[in-house]
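Here is the structure we will look at.
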Amino acid sequence: MSHFQAAAQQLSNLYAKSFGGKESGRFRMSSKQVKELLGKKRLYADDIEQLTRAVLEEGYVLINMDSFFVVLSANAFVNYRRVSGEALTTAMTGAI
């Protein structure tokens, strides 16, 4: 198991833990905390990409917000509305 996979499992466990006034669920963490989690002094694009993939394999989504990261359940996106071909074409052509 890579350290990215181990970190992803730890994030998955955090998702289920009670903290911050919530029983469980989405959370944010600083870049400093992610570096600490990975045991790194700097975060490179490749590190973030590998952690993002490992987190996705656990069923979660890691979003890089530049100064912090957000962890959400991938299931949170299942019920989002889907864009139709017509709506996309309209948006691309700039029609109202």
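Could you tell me whether any residue of the stretch 16-34 is in contact with a helix residue (DSSP H, G or I) (Cβ under 8 Å, 6 or more places away or on another chain), more than 16 Å from VAL70 (Cβ to Cβ) and not small (Gly, Ala, Ser)? No, the conditions are met nowhere in the stretch 16-34. When the stretch 24-38 is filtered for residues that are over 10 Å from the mean Cα position of the chain (by Cα) and at pLDDT below 95, the ones remaining, listed by number, are SER24, GLY25. Put simply, of LYS40, LYS32 the only residue that is in a loop (DSSP other than H, G, I, E, B), basic (Lys, Arg) and surrounded by 10 or more Cβ atoms within 10 Å (Cβ to Cβ) is LYS40.
Of the residues screened, PHE4 is one that is of a type in the set (Phe, Trp, Tyr) and closer than 16 Å to LEU56 by Cα.
Looking only at residues that are under 9 Å from the mean Cα position of the chain (by Cα), part of a helix (DSSP H, G or I) and modelled with pLDDT of 95 or more in the stretch 54-80, which one is nearest to MET29 (Cα to Cα)? Selected residue: VAL55. Return the total of residues in the stretch 65-86 being closer than 16 Å to LYS35 by Cβ and out of contact with any Leu (no Cβ under 9 Å at 6 or more places or on another chain). Residues flagged as closer than 16 Å to LYS35 by Cβ and out of contact with any Leu (no Cβ under 9 Å at 6 or more places or on another chain) within the stretch 65-86 amount to 4.
The values are calculated or read from the model by the stated rules, or taken from the named source; none is laboratory data. This one's a predicted model, so the numbers in the text were calculated from it and none came from an experiment. Don't worry about glycine lacking a Cβ; one is built from the backbone with ideal geometry, like all the others, and counts go over all protein chains shown.
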